[in-house]
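First the structure, in the form of structure tokens, and then the observations on it.
Derivation of every value follows stated rules applied to the coordinates shown; laboratory data play no part. Predicted model only: the values in this text are computed from it and were never measured. Positions of Cβ are backbone-derived with ideal geometry, glycine not excepted, and every protein chain shown enters the neighbour counts.
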Amino acid sequence: MFTLDTRSRVPIYEQLMDQLKTLMIRDVLSQDEQLPSVRNLAQELTINPNTIQKAYRELEREGYIYSVPGKGSFVAPFQNDANKERLEMLRQDLEKIVSEFLFLGGSKEDLIDLIKQIEVAEREDAQ
Amino acid sequence: MIQATAVNKTFEDLQAVQNLTLHVKKGSIYGLLGSNGAGKTTLLKMMAGIYKQDNGSITIAEKPVFETPDTKQHVLFIPDQPHFLHQSSLKDMGSFYKEVYTRWNQKRFEQLTKHFRMNPDKKLTRMSKGMQRQAAFILTLSTMPDVLILDEPFDGLDPVVRQQMKNVILQDVADRKMTLIVSSHNLREMEDFCDYVGIMHNGGLLFERDLDELKTDIHKLQVAFKVLPDKEEFLKGMDVLHYEKRGSVLLIIVKGNEDQILPYVKSFNPAIFDLLPLTLEEIFIYELGGVGYEIRNLIVE
């Protein structure tokens, strides 16, 4: 279900959060579905249960999941905020790529053309 | 769960542990890191009740450890060199532990022995270092400890056994809220395993903190400019631990909040800018560098 990159600099609880979010956004984990228990995940992934608890706590704080005492954690009703966050992440990635592109001598016009092309392609796809 | 307060320990004229205060929460996995000779093993042995501190107090679940059999029933220590009774096999050691530890779990002992493919009748002294360590783990985990104190535990274990041992330990942490304190120099491994770390140097504790908090509070910046801004001017607005110029790329270690550092650096219009979290190894090196224990490269004769 999960693959964690233990060589990554990204803390494990953040990796866990990101992966769970992706699963929820893509509807692999649907609303009110139960998340694996801390114990199961710890055993399955061989990671510290405190790390999993932390990821769950953060996800609950951000409104992605809710917990039922004595039962476990469940996927919360879908919110548009999730998209907003993903957009912000993509924007940051783009910023990095675009600045490298410009730094290496790529032109602004090229980029704008590229965006237009993608837009056209998308529209054709839609039709 | 484990509380050490103002602990001192001297061996003849060597002050091994100096006015050390430390706290480990229940169910936590605490990584004790430090330079060579920092006093980690001495501290662990005091926690396990093998040494008595000169002064200060060490308690586990609010009870002292030294010469307190009740506490020692549930506080298990695996030293860096496992020790077994003379001429004994794993089976013999098992029956010995069974007499000593009231919570001994025979079923678990047999299950682990089989799972790790140990021959219970072979003499332990004739086994390799790694096999002896496996035996020590099996015996220790079969006593169902509440607190596990490990000194360089995964040293000498192959990656397969290492992963499986960790898995078994983590199940105990998840199920029974077992508390762990682990010393190691393998920071790569500690990074994934621990949730709390303390760094020791010269007998004292430099700091102890939640590992993730520690990592979100310290960053590595890699910045390059088309036109280099004035160094003083640029560094003024940040809490800089380390500054290095490699060609036209600046490498800076900064303490502080990401949300403040990002816009600040961006206001100088960098051509390339990366903000990375530090690895535990880097944190260790820069923090110890701060107290004069830095890497000095030597070109050998």
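Just how large is the dipole of chain A about the Cα centre, in debye to the nearest 20, putting +1 at every Lys and Arg Cβ and -1 at every Asp and Glu Cβ? Don't jump to the answer; show the numbers that get you there.
Working: 16 positive and 23 negative charges, 136 e Å.
It works out to roughly 660 debye.
List the residues whose amide H sits under 5 Å from the amide H of B:Lys122, counting only those 5 or more places along or on another chain, with H placed 1.01 Å from N in the peptide plane.
B:Leu90
If a helix is a whole DSSP H run, which ones in chain A reach 15 Å or further along their own axis (Cα) and hold a mean Kyte-Doolittle hydropathy of at least -0.5?
A:12-25
Multiply the residue separation of B:Lys177 and B:Phe225 by 0.36 nm, subtract the distance between their alpha-carbon atoms, and state the gained length in nm to one decimal.
Values: separation 48, 0.36 × 48 = 17.28 nm, distance 5.03 nm.
Gain on stretching B:Lys177 to B:Phe225: 12.2 nm.
B:Glu67 to B:Leu251: FRET efficiency via 1/(1 + (r/R0)^6), r the Cβ-Cβ distance, R0 51 Å, to the nearest 0.05?
In this case the efficiency is close to 0.45.
Quick check: the angle from helix B:90-100's long axis to the longest principal axis of chain B, C-alpha only, nearest 10 degrees?
80
Can you tell me the 0 to 90 degree angle between the C-alpha axis of helix B:106-115 and the longest principal axis of chain B, rounded to 10?
Result, in degrees: 60.
Simple spin-label model, 7 Å along Cα-to-Cβ: B:Asp155 to B:Asp259 in nm?
According to this spin-label approximation, the distance is 4.4 nm.
Can you find, among B:Trp104, B:Ala48, B:Ala61, the residue sitting farthest towards the positive end of the charge dipole of the stretch B:2-213, where Lys and Arg contribute +1 and Asp and Glu -1 at Cβ?
Value computed over the given set: B:Trp104.
Label A:Thr22 and B:Val100 with points 7 Å out from Cα along Cα→Cβ: what is the distance between them in nm?
Those two pseudo-labels are separated by 4.8 nm.
Among B:Ile252, B:Met200, B:Val147, whose Cα projects farthest towards the positive end of the dipole of chain B, with charges put on the beta-carbon of Lys, Arg (+1) and Asp, Glu (-1)?
B:Val147
How big is the dipole moment of the stretch B:1-123 about its Cα centre under a simple scheme where the beta carbon of each Lys and Arg is +1, that of each Asp and Glu is -1, and everything else is neutral? Debye, nearest 20, please.
Charge dipole, the stretch B:1-123, about its Cα centre: 660 debye, nearest 20.
What whole number of Å gives the distance from the Cα centroid of the stretch B:109-153 to the Cα centroid of the stretch B:275-295?
Centre-to-centre (Cα) distance: 35 Å.
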